[in-house]
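Undergrad: Quick one: the structure is below, and I'll ask about it shortly.
Just so it is clear, none of the values below were taken in a lab; they were calculated from the coordinates. Just so it is clear, the model here is predicted, and its values are computed rather than measured. For neighbour counting, all protein chains shown are included, and Cβ atoms are generated from backbone atoms with ideal geometry for every residue, glycine included.
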Amino acid sequence: MILALLAACAGLGDDSPGSDSGQADPCAGEAPLATCLSPTLEPDYYVAQSLAYFDTMDATVEDPPWPPYSELVARWEWPPWLKLTAFTRENIETTDALLRLYPSTVPERDCRYFPTQPFGRCRVVFRYEAHEDRPCPIYEEFTFNDAGEITWIEAWSDVDGLRPTTEEDPWGEQGDIGRLAWRVPGLGRPDGRIDLDGEEMIAAAEADADVADFRTRALDWYATWLEEYKSAGEEMWTEGCGW
């Protein structure tokens with residue numbers, strides 16, 4: 001979704017976190033999983049920083065500050081969006097700054113705190129000038145490290161057939177909704193820093209196709225994103241936004 005906008009502007013079921021990660025104990029070793037971390041700040045902090053993320057994409061918000069991204073922050077957007085749409089603080093800030101050339105607003109936002117990762121979870125509706133301000137509902141989650149930096153952003157279309165949650169569990173509290181954030185080794189370190197070439201990452205990639213896909217893309221972020229964009233069609237918008 002995010003880098004699909006940038007390219008247009010430029011002209012271009014398991015309930016156990018980490019069960020497929022290759023780790024017997026998800027909190028052991030040098031690369032624990034995100035669920036091993038507990039909140040270190042007040043609940044309002046996580047809500048505020050989740051909302052701040054959407055300020056950077058809302059043309060009605062003048063000069064919004066960047067949220068506190070970690071150095072290796074990653075943004076994963078599930079299909080029909082383009083999977084890894086940013087990797088590293090430098091790339092996410094650069095690409096999202098360019099999105100200001102493709103005006104959008106985020107008038108509807110419901111962001112909440114949860115005591116287990118992801119600590120910030122949001123239901124929002126984007127509206128894009130280039131798409132006649134039609135609503136595009138998104139479910140998005142934010143994983144934080146102990147310093148309160150965002151280490152992982154994960155988004156799904158919030159439409160029938162694509163949203164990961166259910167009416168009975170609208171915020172994914174009852175179990176695993178397929179979060180990649182729960183499967184990437186290293187996000188559970190105090191600094192949330194991952195190691196793409198680390199032993200745990202390689203083992204997780206061998207056991208989990210989604211982790212392997214993330215690792216491949218992160219090792220060559222721009223080229224893999226561009227290939228994903230070129231293979232996507234305009235139906236990405238109609239399907240992803242439910243139009």
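Undergrad: In nm, give the distance between the simple-model label positions of Leu226 and Glu62, each being 7 Å from the Cα along the Cα-to-Cβ direction.
TA: 3.7
Undergrad: Under the Kirkwood approximation for Rh and a Cα-based Rg, what ratio Rg/Rh is obtained for the stretch 60-161?
TA: Using only Cα positions, Rg/Rh for the stretch 60-161 is 0.95.
Undergrad: Apply the Karplus curve 6.51 cos²θ - 1.76 cosθ + 1.60, θ = phi - 60°, to the phi angles in the stretch 45-61 and return the couplings in whole Hz, x for Gly and Pro.
TA: In residue order, the calculated couplings are 4, 5, 5, 4, 6, 5, 5, 4, 4, 6, 4, 5, 10, 10, 5, 7, 9 Hz.
Undergrad: Around Asp133, which amide H atoms from residues at least 5 apart in sequence, or from another chain, sit under 5 Å from its own amide H, with H modelled in the peptide plane?
TA: Tyr128
Undergrad: Could you pull out every residue, at least 5 positions away or on a different chain, whose amide H is within less than 5 Å of the one on Ala59? Hs are placed 1.01 Å off N in the peptide plane, and Pro or chain starts have none.
TA: Here Ser104, Thr105, Val106 satisfy the definition.
Undergrad: Let me ask you something else. For Ala86, what residues show an amide H to amide H distance below 5 Å, using hydrogens built from the backbone and excluding near sequence neighbours?
TA: So Ala86 has HN proximity to Arg75.
Undergrad: In the stretch 146-188, whose amide N lies under 18 Å from the spot 7 Å out along Cα-to-Cβ of Arg109? List them in ranges.
TA: Counting backbone N atoms under 18 Å from the label point, the list is 149-156, 158.
Undergrad: So what's the net charge close to Glu141: Lys and Arg +1, Asp and Glu -1, counting the other residues with Cβ under 9 Å from its Cβ? It would help to have the intermediate numbers written out before the result.
TA: Details: positive: Arg121, Arg179; negative: Glu140, Glu154.
Neighbour charge sum, excluding Glu141 itself: 0.
Undergrad: Same structure again: Residue by residue, what Karplus-based ³J(HN,Hα) values in Hz, rounded to whole numbers, does the stretch 197-202 have, using 6.51, -1.76 and 1.60 with θ = phi - 60° and x for Gly and Pro?
TA: The phi angles translate into 9, x, 4, 5, 5, 5 Hz.
Undergrad: Okay, moving on. Note down the net charge around Ala232, summing +1 for each Lys or Arg and -1 for each Asp or Glu among other residues with Cβ under 12 Å from its Cβ. Working shown, then result.
TA: Numbers: positive: Lys83, Lys230; negative: Glu77, Glu227, Glu228, Glu234, Glu235, Glu239.
Summing Lys and Arg as +1 and Asp and Glu as -1 gives -4.
Undergrad: Just for the Cα atoms in the chain, what are the lengths along the principal axes, largest first, rounded to whole Å?
TA: 50, 38, 35
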